Structure formats: C-alpha cells, structure tokens
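In what follows, a structure is listed as structure tokens, so that the remarks can point back to it.
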Amino acid sequence: MSPQTSSFRLEKDSMGERQIPSEAYYGIQTLRALENFPISGLPPLPTYVDAGILIKKATAIANGELGCIPKDISAAIVQAADEILEGHLRDQFVVDIYQAGAGTSHHMNLNEVLANRALEILGDEKGNYSRVSPNDHVNYGQSTNDVIPTAIRIGSLLALETSLFPALSDLVANLDHKAEEFQDVVRSGRTHLQDAVPVRLGETFRAWAQIIHEHFIRIETASGDLTLLGLGGSAAGTGLNTHPQYRHRVTELLSQFLQKPIQPAPHLMAAMQSMGPFVAVSGALRNLAQDCVKISHDLRLLDSGPKTGFKEIQLPPVQPGSSIMPGKYNPVLAEMTSMVCFQVMGYDTAITFAAQAGQLELNVMMPLIAYDLIHSIEILGHALSALTHHCIAGIEAKPDRSLAYAEGSLALVTALNPHIGYLNAAAIAKESLATGKSLRQLVLEKKLMSEAQLTEVLDLAKMSELPG
C-alpha cells in the first residue's frame, strides 16, 4: 500500500517517486504533465472527457466479460466511470490541452482518476496500484494511440448530436417561419451592393434556410466516418495484447451507449494513422461557417440605420449598443456569430496542419485536433442557437421602407429590356438618374410603351415571384 501522510501520498512510476496531494484522484503521470505543460490554462473539454470515460467504461466491461481483468475490478471501474459521467470528479481532469504528443498525458489522467476512484469503491486507499492499476487494469489492451483517435470520434459525435445538429434544425425552422411571415414583402435586390431587380423578403429568408439545410446534410455525411473506430488496434494497429473478441465487444457497447451504429474500422492501422475523418468534418464546419458569416453580414446590412442605412428589417434590440451614444442598439448577435465563425475557420486551418504532421504509425498532434474540432462543433452550435432564439425569431420587417426602395430602384429598367431594348433601357436609366424623373414618367414621355403595358411590366409583386 502506498505510504500516506496527512496531506500527501507517495506514488511511483518508471521515472521515480513523487508526492501527490492526498485528496487528488489523479496520479503521478498527471502531476508530471501539470509541471511540464503550464501552457494555456485550458483544461480538456467536458465532452472530450465524456468520450474518454465512455471508452473506458466499455473497455472495462469487455475486458471483465472476456476474463482479461478481474470482475470486481471491472465493476468498480464501471461504477467510477458512471459517477464521472453523472458529473462527479470533473475537477480532476486537469491536463492542459497543449501537452505531450498523441495525448498520453490526458489519457493517463483518465486512467489514474478511474483507478483511484475504483480503489475507493473497493474499500482501498488511493494510490494502491497493486490492487487497481491505471495501466494494467483500466488501460488493459489499450494504447493512447488507439484510445485518443477514438475519443476524438466519439467526442465529435456527442458534440454534433447535443450542440450543432439541434441548433441547425432550430435555425432552419425559424428561417422558414420568417420566410412565410415575410413572403409578401417586396424589397430591392442588390448585387455588388448596387440596386438590382426586386425580390421577396420571404424568399431571402427561405434561401438562407435552404443554405443551412444543405450544410446540415454535408456535415451529417462527413460525420459518418466518425462511427468507424480503430479501438483495439493497441499501439500500432496490430491489436497487440488484446483479446480476439475485444474490439467487436467494445464497439457493440459503444453503440449501446451512444444509440448509434458504431463499428470497428476495416483496417485498424489506417484508422489510427489518418486524421482524414476529422479534416472532412472540420472542412464541412468551415464551409458552414463561411455561409453563416455571409448571412450574419446580410442581417447587419438589412438592419443598418435606423436613419442612414437600409433598415428593411429590425433585429431585436437585446442590449444597449454604446457607452456614449444614448438609445443606440447594435446587431450584436450577428456580430458574435461572425466572430465564432472566424474562429472555426482558424481551427480548421490548424486541424489541417496537424493532420498532415503525423509520421508512420502515429499522429502526435491529436491533442490539438481533439480540442479544435470538438470546440468548433460546440461553439458553432451555441452561437447559432443564440442567433436563432435571440435574433432570428424576433426579426420584424419594414415593408413600407422595403417597397419604397424597390419602387425607386433604377434596376426596374431591366424588366423593360424585352419591350424597348437594352440600349433604350440603359438610356432611360441614365436620364432618370440625372434628372430625378421616374422610369415610368420617362417611358411614357418618349412613348416607348403604353401606360397599361407599362403598369403590367412594372408589377413588382409579379416581378419578384420565383419560378415554379
């Protein structure tokens, strides 16, 4: 049994002995990581911890069933894992996100906390690793090299299901609702930020809903490869020190836990070496982010004003917008969304660089990929949820202002092309801009069209209808 003092216990690893605070559930390898990596102050994401603990629960059950570890130790590890998943001991996962390559430090943090809590459950003292070992029991048949890429997969799947996918569904539904609400509002289209032919405000929102829906499908498709696990490959993909049935049983258990079909990868070595699935999901997130930036900027433009901008819509005021200008409100939800999207794009670049930096049987940059990918999913989900509920849901249209812009747009001359020709239409537009006379007035003065014909051609409602 490890020697204890009132404040510390003594633990030993292959490098020597160290004192560990008695109350700590982590052990000597985690302590060394705390000393070696005082980098960002950022602990592992809770979702990433959940993913690792789910893996350890599944492996403990499988190894207990297969006779690889004693059943009482298996049961104690499983109980410890369930307690952590319920929210206990979360402050014990302490290793900085920038740490030892491949994630060995974080992995041993998981193993040590589970081992020490299992010891308590068995009525023993923390640190008595001859009874329950972080390496020989909690980590039986496993390696950082197959656990961490599996944890990234599971963490990403958890984040998608709990954060991003619900946010995207809500956003599409709210955009579709606004599309119906604003369907009869005609506004001036704008291309190159210059006047263009009229469009429906409702169709503007419906187009955004379609864009987000298509991104949802792309991300969902890309995430399919996350369900193929290299767990069971052990150190290099050969399955060294694992039971022949281990990887199949573990994936069955993880399928039950996640309520999602999880399977062993067709080639364990490939699943451990390639970060391709993470790059694919990250790329799909980046693609979503760039369109969300565009939509956020569109919202800001349409709400600009109130006196000197477009002001064709009103975004809900949610907080005072200035420390010096009274009565000012800013499009803060749209601004926040853009900032989050820029961060996601930056993370995607980092993930791409990290993914190509592996050598031979291992990619040592996985800790960076783990944090950046899961964090991207979660902050994008949270941002879009906030945008939906605090902004999109409360948008109001300004139909009179929109119609005034549409009626005054020189781009209406486009509808005259088939009737008076492009050159005549261009001359009319130029003269209207120079004299201030309306297009209607000039066309009638020059007797280019009859009044009845002109009224029919310049029908804004008809002109702004989508085909089909």
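The values are calculated or read from the model by the stated rules, or taken from the named source; none is laboratory data. It should be emphasised that the depicted structure is a prediction, and the values quoted were computed from it without experimental measurement. Note that we place each Cβ from the backbone using ideal geometry, even for glycine, and neighbour counts take in every protein chain shown.
At-a-glance table
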quantity	calculated
Residue under evaluation residue 225, criteria (1) touching a residue at least 40 places away in the same chain (Cβ under 8 Å); (2) within 29 Å of residue 179 (Cα to Cα); (3) surrounded by fewer than 17 Cβ atoms within 10 Å (Cβ to Cβ); (4) of a type in the set (D, E, K, R), criterion not met	(2)
Selection within segment 292-309 - of a type in the set (Val, Ile, Thr) and either part of a helix (DSSP H, G or I) or under 22 Å from residue 380 (Cβ atoms) (or both)	293, 295
Among the candidates 290, 256, 273, 263, residue that is surrounded by fewer than 19 Cβ atoms within 10 Å (Cβ to Cβ) and touching a residue at least 40 places away in the same chain (Cβ under 8 Å)	290
Residue match in segment 182-197 (condition: part of a helix (DSSP H, G or I), surrounded by fewer than 19 Cβ atoms within 10 Å (Cβ to Cβ), at pLDDT 95 or above and not aromatic (Phe, Trp, Tyr))	no
Scope segment 344-367; condition over 18 Å from residue 284 (Cβ atoms), touching a residue at least 40 places away in the same chain (Cβ under 8 Å) and not in a loop (DSSP other than H, G, I, E, B); matching residues	362, 366, 367
Residue pairs meeting the criteria (Cβ under 8 Å; at least 6 apart or on separate chains; first over 13 Å from residue 397 (Cα atoms) and assigned by TED's automatic domain parsing to the domain that holds residue 191, in segment 301-326; second loosely packed, with under 13 Cβ neighbours inside 10 Å and not charged (D, E, K, R))	301/309
Positions within segment 13-36 being among the acidic types (Asp, Glu) and surrounded by fewer than 16 Cβ atoms within 10 Å (Cβ to Cβ), in sequence order	17, 23, 35
Breaking point among (1) over 21 Å from the mean Cα position of the chain (by Cα); (2) surrounded by fewer than 19 Cβ atoms within 10 Å (Cβ to Cβ); (3) among the hydrophobic types (A, V, I, L, M, F, W, C), for residue 231	(2)
Meets criteria (closer than 30 Å to residue 330 by Cβ, within 17 Å of the chain's Cα centre (by Cα) and not in a loop (DSSP other than H, G, I, E, B)) for residue 279	no
So residue 206, is it crowded, with 19+ Cβ neighbours inside 10 Å, among the basic types (Lys, Arg) and either in contact with a helix residue (DSSP H, G or I) (Cβ under 9 Å, 6 or more places away or on another chain) or within 30 Å of residue 74 (Cα to Cα) (or both)	yes
Check on residue 439, hydrophobic (A, V, I, L, M, F, W, C) and over 27 Å from residue 193 (Cβ atoms)	no
Selection within segment 21-60 - among the aliphatic types (A, V, I, L, M) and touching a Phe, Trp or Tyr at 6+ places or on another chain (Cβ under 6 Å)	39, 49, 54
Failed criterion for residue 448 (all others in (1) more than 30 Å from residue 156 (Cα to Cα); (2) assigned to a helix (DSSP H, G or I) hold)	(2)
Residue under evaluation residue 371, criteria (1) under 23 Å from residue 214 (Cα atoms); (2) of a type in the set (Ser, Thr, Tyr); (3) buried (at least 17 other Cβ atoms within 10 Å of the Cβ), criterion not met	(1)
Output for segment 389-398, where each listed residue is in a helix (DSSP H, G or I) and either surrounded by fewer than 24 Cβ atoms within 10 Å (Cβ to Cβ) or without any contact (Cβ under 8 Å) to a residue 60 or more places away in the chain (or both)	389, 390, 393, 394
Given (1) surrounded by 13 or more Cβ atoms within 10 Å (Cβ to Cβ); (2) in contact (Cβ under 8 Å) with a residue 12 or more places away in the chain; (3) of a type outside the set (Lys, Arg); (4) under 18 Å from residue 202 (Cα atoms), number of the condition residue 381 does not satisfy	(4)
Candidates 313, 295, 212, 217, filtered to the one that is buried (at least 16 other Cβ atoms within 10 Å of the Cβ), under 30 Å from residue 176 (Cβ atoms), among the β-branched types (Val, Ile, Thr) and within 16 Å of the chain's Cα centre (by Cα)	212
From 127, 87, residue being within 32 Å of the chain's Cα centre (by Cα) and either closer than 25 Å to residue 377 by Cα or not hydrophobic (A, V, I, L, M, F, W, C) (or both)	87
Residues located in segment 224-251, provided they are outside any strand (DSSP E or B) and farther than 18 Å from residue 140 by Cα	224, 225, 226, 227
Any hit, segment 146-164, residues being without any contact (Cβ under 8 Å) to a residue 40 or more places away in the chain, out of contact with any Phe, Trp or Tyr (no Cβ under 7 Å at 6 or more places or on another chain) and hydrophobic (A, V, I, L, M, F, W, C)	no
